[in-house]
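The values are calculated or read from the model by the stated rules, or taken from the named source; none is laboratory data. This structure is a prediction, so every number in the text was calculated from the model and none was measured. Here Cβ is always computed from backbone atoms with ideal geometry, including for glycine, and neighbour counts include all displayed protein chains.
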Amino acid sequence: MPDPREGSPLPPPPAAGSSIGDTAFRLSLDAIVVMNADGEIVGWNPAAEALFGWPVEEAVGRRVMDLIVPEQLRAPRGRPAPFP
């Protein structure tokens, strides 16, 4: 039976000293976006890069609202977002 991963590169092994959480964050197939209390992105995994199209270097430090929320769904600061 052929290896289903054949033709797809395997992810690199976890770095020495990295935690299971760090490894799961990096290798997750789900996009994971972590933000602080001000809405600034502080974590952006490779799946988030693939889904949203922003490299980690450009995403970290920007506001989630400004980066991935469509403009028509953005609310003024301090107000709840409108839901259709």
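For region 50-68, a residue qualifies if it is in a loop (DSSP other than H, G, I, E, B) and aromatic (Phe, Trp, Tyr), and exactly one does: Trp54. For the list (1) at pLDDT below 95; (2) surrounded by 14 or more Cβ atoms within 10 Å (Cβ to Cβ); (3) hydrophobic (A, V, I, L, M, F, W, C), I need the number of the one condition that Ala75 fails. Exception for Ala75: condition (2). Comparison of Leu67, Leu29 shows that the only residue that is modelled with pLDDT of 70 or more and surrounded by 13 or more Cβ atoms within 10 Å (Cβ to Cβ) is Leu67.
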